[in-house]
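The values are calculated or read from the model by the stated rules, or taken from the named source; none is laboratory data. Please read all numbers here as calculations on a predicted model, not as lab measurements. No Cβ is skipped: glycine too gets one built from the backbone with ideal geometry, and neighbour counts run over all protein chains shown. These accessible areas exclude ligands, DNA and RNA; they are computed on the full protein's heavy atoms, side chains included. Shrake-Rupley method; radii C 1.70, N 1.55, O 1.52, S 1.80 Å.
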Amino acid sequence: NPSIGLHTHAEAADAALLDALVPRHDVVVDCTDRLSVKFAVNDAAVRHGVPAVLASVHQYEGQVQVVRPGSSCLRCVWPQAPRDGVVGNCAEAGVLGPVPGLIGTWQAFEVLRLLLDLEAPREGVLTVDLLAGQTRFLRAPRATDCPEHALKQTVATDAPLELPSLAAGLA
């Protein structure tokens, strides 16, 4: 499609860089391997009202989350970002080659759904366990006390977060 432009940025992402880049794009795709950067991408997307598609992989598993303006975000599920290193990154913990391929393909599909205005993604996190051959969708409505949404001073109308136990195991 010759009318589509793709811009990659191969530099260290911090809040200032993300605040400069995010508002200039139609969608942000997070392909990083550090939790702190994923949260920074999420936060910038929420602040600027730009959709983001976040994904992560770990050994035989992966997850994908679509963050749209007004929907749940990464901080609705994890109010405080776990420290880098709490969960091993790909270099430390390893990952089986097809896992990032499959998760990346799913992430690309979600980007196309956003750009083509196909059926709106559900609010939550898609998890894929390739070893077990299972996918699950964890519903995560926008949290009324989400710190990023509070910064935007918006009013949440969804039910309370249904996944409070996720952060407890990594504190």
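Here are the numbers for this structure:
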{"item": "Tally, over region 1-45, of residues that are out of contact with any helix residue (DSSP H, G or I) (no Cβ under 8 Å at 6 or more places or on another chain) and among the polar types (S, T, N, Q)", "result": "4"}
{"item": "Of residues in region 16-36 being open to solvent by 60 Å² or more (accessible area, probe 1.4 Å) and assigned to a loop (DSSP other than H, G, I, E, B), the one farthest from Leu126 (Cα to Cα)", "result": "Asp26"}
{"item": "Any hit, region 37-50, residues being within 23 Å of Thr144 (Cα to Cα) and part of a loop (DSSP other than H, G, I, E, B)", "result": "yes"}
{"item": "Odd one out for Ala13, checked against (1) outside any helix (DSSP H, G or I); (2) within 19 Å of Thr127 (Cβ to Cβ)", "result": "(2)"}
{"item": "Residues being open to solvent by 60 Å² or more (accessible area, probe 1.4 Å) and in contact with a strand residue (DSSP E or B) (Cβ under 6 Å, 6 or more places away or on another chain) - total across region 98-133", "result": "1"}
{"item": "Search result, residues across region 61-73 that are on the phi < 0 side of the Ramachandran plot and open to solvent by 20 Å² or more (accessible area, probe 1.4 Å)", "result": "Glu61, Gln63, Arg68, Pro69"}
